[in-house]
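Here's the structure, in structure tokens; my notes come after.
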Amino acid sequence: MLRVRPILFTADASAWKHVLEALGLVCVQNQAGWMEFDAGSGRVALHHSPTGSPGGTVFGVEVGDLAEFARRTVADGTRAELIDADLGQAVRITAHDGFTFLADKATSRTTSPDADPALAVVGTWLAPDVPQAAGDMRNIGARARNMSPGAADFTCKNGGILQVRQSGSTSSGPLAFEYDGDPAALEVRLAAAGLTAARSGGSLTVPAPGGASISVALPRPTPAQP
């Protein structure tokens, strides 16, 4: 099992909950400052922090069997080790460029039927060497979708999209989504929640707490038939 699940650190969890639910996610866990939200594909964790976090969003995934995931990742050529993390045992992956992220034990293999099926969570890794980082993504079990020297996109078997983007240094990128449904219907739903999204080219920019914004990639128009 492999599913995208970035973690968003925020001092205003209730405001972020409002935005995520307006986008079409469903809260499936809410306890002691920790919330998890299902999208139609992928999941987002929301962690309340009094001061937020300098990075905002932390790249991460969920897996089924931690020990087996670590074994396969190491066998494929990327460093992975079982550790005791804040929320229990996890696997820490260390990529070839030094980027580290966690694979946590999935609390559920299923997705809430109430989540918008057209919405997919996107986890972003900013990396100086995209082909090298793409190799590490393959080694954790992600499936290549689109590849180029400066960008690489992957799907995960159990939901969500992982993307690698060119950057001068390695870090987690901001929370993002893809929407494979009717953009107008999504805009109406956001407006009903008091959120005015701006459409530009192939994406929507959705206002988020603290002056932040969320990018939602939209489906490409189907070319007209001659």
Restricting everything to alpha-carbon atoms, can you work out Rg to Rh for the stretch 123-226 with a Kirkwood hydrodynamic radius?
1.02
For the stretch 96-170 and the stretch 1-70, distance of Cα centres in Å
15
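On average over all directions, what projected area in square nanometres does the chain have, based on the convex hull of its Cα atoms? Walk me through the numbers before you get to the answer.
Numbers: hull surface 52.8 nm².
Its average projected convex-hull area is 13.2 nm².
How long are the semi-axes of the ellipsoid equivalent to the stretch 59-170, from square roots of 5 times the Cα gyration tensor eigenvalues, in whole Å, largest first?
On the way: eigenvalues 93, 75, 28 Å².
Semi-axes, largest first: 22, 19, 12 Å.
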Two-site FRET efficiency, residue 18 against residue 138, from Cβ-Cβ distance with R₀ of 25 Å, rounded to 0.05
0.10
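For a test of the definition: using alpha carbon positions, the gyration tensor, and the 1.5 limit on a/c, classify the stretch 1-65 as rounded, prolate or oblate. All intermediate terms of the calculation are to be shown ahead of the outcome.
Working: a/c = 1.80, a/b = 1.29, b/c = 1.39.
Since a/c reaches 1.5 but b/c is at least a/b, the shape of the stretch 1-65 is classed as oblate.
Please compute the net charge surrounding residue 162, taking Lys and Arg as +1 and Asp and Glu as -1 over other residues with Cβ under 14 Å from its Cβ.
Details: positive: 3, 5, 43, 138, 143, 145, 157, 165; negative: 62, 136, 153, 178.
Local charge sum for residue 162: +4.
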Note down the magnitude of the dipole of the stretch 81-130 about its Cα centre, charges +1 on Lys and Arg C-beta and -1 on Asp and Glu C-beta and zero elsewhere, to the nearest 20 debye.
140
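Among residues other than residue 126 whose Cβ falls under 15 Å from its Cβ, what is the net charge (Lys/Arg +1, Asp/Glu -1)? Kindly include the intermediate steps, with their values, before the conclusion.
Values: positive: 165; negative: 97, 129, 136, 153.
Charge balance near residue 126 sits at -3.
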Going by average Cβ density within 10 Å per residue, which order do the peptides 94-101, 4-11 take, highest to lowest?
4-11, 94-101
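Out of all DSSP beta bridges with both ends in the stretch 1-49, state the antiparallel percent to the nearest 5. Each step should come with its number before you reach the end.
On the way: 10 of 14 bridges.
In the stretch 1-49, DSSP labels about 70 percent of beta bridges as antiparallel.
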Mind checking the dipole of the chain: about its Cα centre, +1 per Lys or Arg Cβ, -1 per Asp or Glu Cβ, Debye to the nearest 20?
340
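Find the accessible area per residue for the stretch 79-226; the probe is 1.4 Å, ligands and nucleic acids are left out, and the unit is Å². Don't skip to the end; give the middle numbers.
Working: 7640 Å² over 148 residues.
Solvent-accessible surface per residue comes out at 52 Å².
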Can you order the peptides 102-113, 173-184, 15-26 by their average number of other Cβ atoms within 10 Å per residue, highest first?
15-26, 173-184, 102-113
In the stretch 1-124, what % of DSSP beta bridges are antiparallel (nearest 5)?
75
So the carbon and sulfur contribution to the accessible area of the chain, 1.4 Å probe, in percent, is 51
Positive end of the charge dipole of the chain (Lys, Arg +1 and Asp, Glu -1 on Cβ, about the Cα centre): tell me which of 56, 18, 155 has its Cα farthest that way.
155
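Antiparallel as a % of all DSSP beta bridges within the chain, to the nearest 5? Walk me through the numbers before you get to the answer.
Numbers: 51 of 69 bridges.
So the antiparallel bridges amount to about 75 percent of the total.
The values are calculated or read from the model by the stated rules, or taken from the named source; none is laboratory data. All of these numbers come straight from a predicted model, not from anything done at the bench. Neighbour counts run over all protein chains shown; Cβ positions are idealised from the backbone, glycine included. Accessible surface areas use protein heavy atoms only, side chains included; no ligands, DNA or RNA. Shrake-Rupley method; radii C 1.70, N 1.55, O 1.52, S 1.80 Å.
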